[in-house]
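Notes follow the structure.
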Amino acid sequence: MSAYTDSTRIVRTLTEREQRLLLQVTGQRRDGFRDHVLYSLALGTGLREHEILALNLRDVFDEAGHAKRRLVLRVFKRSAKNPAPQEVVLPDRLRIKLDKWFTARGRQGAQMDDPLFTSRLGRRLSARRLRAAFALWQERAGFERHFCFHALRHSGCTNLQRVGHDMRLTQRFARHASVSTTTIYTHPSDEELERAVQELIC
């Protein structure tokens, strides 16, 4: 687990190993495919819980059933009365998974205006069910500590900052109104601290 703070809050992220374990355990099980795609979407886009749950198939796929490269959010966190539309770029690796998900949803008779993610009863997936499933998969993956779902957004933003080292790029990915909010992703993580202390003489 990674945790770091600014003057106002603690940000928790999954380590790279934990992210791989989560995707591995959900990807290996037939009953985990929905959640595998959902967690990949959270990590690959930095979308918030309510933003993901509000998505319909039409938001993510074109009429041919292929995942779009960019999607415009209908539901998102608003920091102004008349916010500009928010756009999210989908990584190619994620789009491949989404295309497979569209095929699976099509076999269930889903229509374009149906929710992207549904419960076993075919209703839009609720935040309560999403959180319960996330807790279960963490347990199955052997996590030592429990994370809230929002940690996937923080992990995605942190991953991008570690790769690009570009604050403005991370700000755009996170869709923060102010770059000062994005600075939380520049702080050393627990994962980096764990690696560093291995070099100490003791």
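Filter the range 171-181 down to the residues that are of a type outside the set (A, V, I, L, M, F, W, C) and under 18 Å from residue 88 (Cα atoms), then identify the one that is modelled with the lowest pLDDT.
First, the residues of the range 171-181 that are of a type outside the set (A, V, I, L, M, F, W, C): 171-172, 175-176, 178, 180-181.
From the residues that got through so far, the ones that are under 18 Å from residue 88 (Cα atoms) too are 171-172, 175-176, 178.
Values: 171: 88, 172: 86, 175: 81, 176: 86, 178: 85.
Applying the filter and picking the extreme gives 175.
Are any of the residues in the range 145-168 among the β-branched types (Val, Ile, Thr) and within 16 Å of the chain's Cα centre (by Cα)? Before you say what the answer is, go through the steps one by one.
Kept after step one, since they are among the β-branched types (Val, Ile, Thr), are these residues of the range 145-168: 158, 163.
Those still in the list that are within 16 Å of the chain's Cα centre (by Cα) too: 158.
Yes, the range 145-168 has at least one match.
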Check your understanding: Within the range 134-143, is even one residue touching a Cys at 6+ places or on another chain (Cβ under 9 Å), closer than 23 Å to residue 51 by Cα and aromatic (Phe, Trp, Tyr)?
Key -> yes
Revision key, fill the gap. Flagged in the range 49-65 as in contact with a Pro (Cβ under 9 Å, 6 or more places away or on another chain) and without any contact (Cβ under 8 Å) to a residue 40 or more places away in the chain, in numbering order, are 54
Check your understanding: Residue check, residue 142 against (1) small (Gly, Ala, Ser); (2) crowded, with 18+ Cβ neighbours inside 10 Å; (3) not in a helix (DSSP H, G or I), all met but one. Which one?
Key -> (2)
Practice item. Given the conditions (1) over 24 Å from residue 21 (Cα atoms); (2) not charged (D, E, K, R); (3) not in a helix (DSSP H, G or I), report the number of the one that residue 183 does not fulfil. Key: (3)
Revision key, fill the gap. Flagged in the range 139-175 as closer than 22 Å to residue 24 by Cβ, in contact (Cβ under 8 Å) with a residue 40 or more places away in the chain and aliphatic (A, V, I, L, M), in numbering order, are 141, 151, 152, 160
Study note, to complete from the structure: Going through the range 163-174 in order, the residues found to be closer than 24 Å to residue 18 by Cβ and part of a loop (DSSP other than H, G, I, E, B) are 165
Exercise for review: Would you point out the residue of the range 4-47, among those that are modelled with pLDDT under 95 and of a type in the set (Lys, Arg), that is farthest from residue 138 (Cα to Cα)?
Suggested key: 9
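Residue by residue, here is whether (1) at pLDDT 95 or above; (2) surrounded by 15 or more Cβ atoms within 10 Å (Cβ to Cβ) holds:
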site: 100; (1), (2): yes, no
site: 121; (1), (2): no, no
site: 126; (1), (2): yes, no
site: 132; (1), (2): yes, no
site: 148; (1), (2): yes, no
site: 154; (1), (2): no, yes
site: 157; (1), (2): no, yes
site: 161; (1), (2): no, yes
site: 169; (1), (2): no, no
Check your understanding: Taking interchain pairs and intrachain pairs at least six residues apart, which have beta carbon atoms under 7 angstrom, with the first residue in the range 27-48 and free of Cβ contacts under 8 Å to residues at least 60 places away in the same chain and the second assigned to a helix (DSSP H, G or I)?
Key -> 27/36; 40/23; 40/94; 40/97; 41/52; 41/94
Practice item. Could you please let me know if residue 45 is of a type in the set (Ser, Thr, Tyr) and touching a strand residue (DSSP E or B) at 6+ places or on another chain (Cβ under 6 Å)? Key: yes
Exercise for review: Within the range 105-120, work out how many residues are closer than 15 Å to residue 53 by Cβ and more than 21 Å from the chain's Cα centre (by Cα).
Suggested key: 0
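The values are calculated or read from the model by the stated rules, or taken from the named source; none is laboratory data. Predicted model only: the values in this text are computed from it and were never measured. Cβ sites come from the backbone with ideal geometry, for glycine too, and all protein chains shown count toward neighbours.
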